[in-house]
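Structure record follows, encoded as structure tokens.
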Amino acid sequence: MNVFVFYLLAIIASVSAFRVVTARNVFHSALFLVLTLFSIAGIYILLGAEFLAGVQVLIYVGAITILIIFAIMLTHQISNKSIRQTNEQVFPAVLIVLIFFAMSIATLLLTSWPTATAELPSDNVNRIGQLLMTTYVIPFEVISVVLLVALIGAIVISRREKRSGD
């Protein structure tokens, strides 16, 4: 059953990730991104990494995606017909994707993947929390300030764009 659920989540993640980059509407791309990130969180749960699944949902699905959706909604001219929403670099993109795909398949086939036999420690989440609040408290706080600055910057840019468009 776990294998079936894994393949189902992997297919959902792959298809929705493909739709993120091929959707013509940027808002639809953001919604497909939400579906992709939820699928990845489901895979984390199957792997027994509940903490990573929770962080995935809280940080990426909750914060980052909502920030992207707000940026889309605050952009005044996003639906303007004069904005070109087509990609003129299809051939280089397809070439790079094919090269990456070939390298990925070669890596998957030529690498011996060791499996862990030991059980995970039961206090994994407690240990991560202790490390975040002691050893890594400065990088943790710096990241929160950077995200806050990005949000404020997006608001300032959208307000300037709205004023100049009026």
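Every read-out reported here was derived from the displayed coordinates using simple, explicitly stated rules and does not represent laboratory data. Everything numeric in this text was worked out from a predicted model, so none of it was measured. Here the Cβ is made from the backbone with ideal geometry for all residues, glycine too, and neighbour counts use every protein chain on show.
The modelled label-to-label distance between Val15 and Val145, using points 7 Å beyond Cα along the C-beta direction, is 4.5 nm. Every helix of 4 or more DSSP H residues in the chain counts as -39500 (n - 2.57), and over all residues that averages to -24000 deg cm²/dmol at 222 nm. Across Leu46, Leu74, Leu148, mean-square fluctuation computed from a Gaussian network of the chain (C-alpha pairs under 10 Å connected) peaks at Leu148. Working from label points 7 Å from Cα in the Cα-to-Cβ sense, the Glu88 to Leu109 distance is 3.8 nm. This model, with +1 at the C-beta of Lys and Arg and -1 at the C-beta of Asp and Glu, gives the chain a dipole about its Cα centre of some 740 debye. One Cα centroid belongs to region 19-56, the other to region 94-113; the line between them spans 23 Å.
Share of pairwise Cα-Cα distances greater than 16 Å in region 1-47 is 36 percent (whole percent). For the residues Thr107, Thr22, Thr65, a GNM of the chain with alpha-carbon springs under 10 Å puts the largest fluctuation on Thr107.
Across the chain, the longest run free of exposed loop sites, meaning GluC sites (Glu not before Pro) lying outside DSSP classes H, G, I, E and B with no more than 10 other Cβ atoms within 10 Å, spans 1-87.
Largest GNM mean-square fluctuation among Gly129, Gly48, Gly153, using the chain with Cα springs under 10 Å: Gly129.
How much of the pair distance distribution for region 1-120 lies past 23 Å, counting alpha-carbon pairs only, in percent?
For region 1-120, the fraction of Cα-Cα distances above 23 Å is 50 percent.
Stretched out straight at 0.36 nm per residue, the stretch from Met73 to Leu120 would grow longer than its current Cα-Cα span by 12.6 nm.
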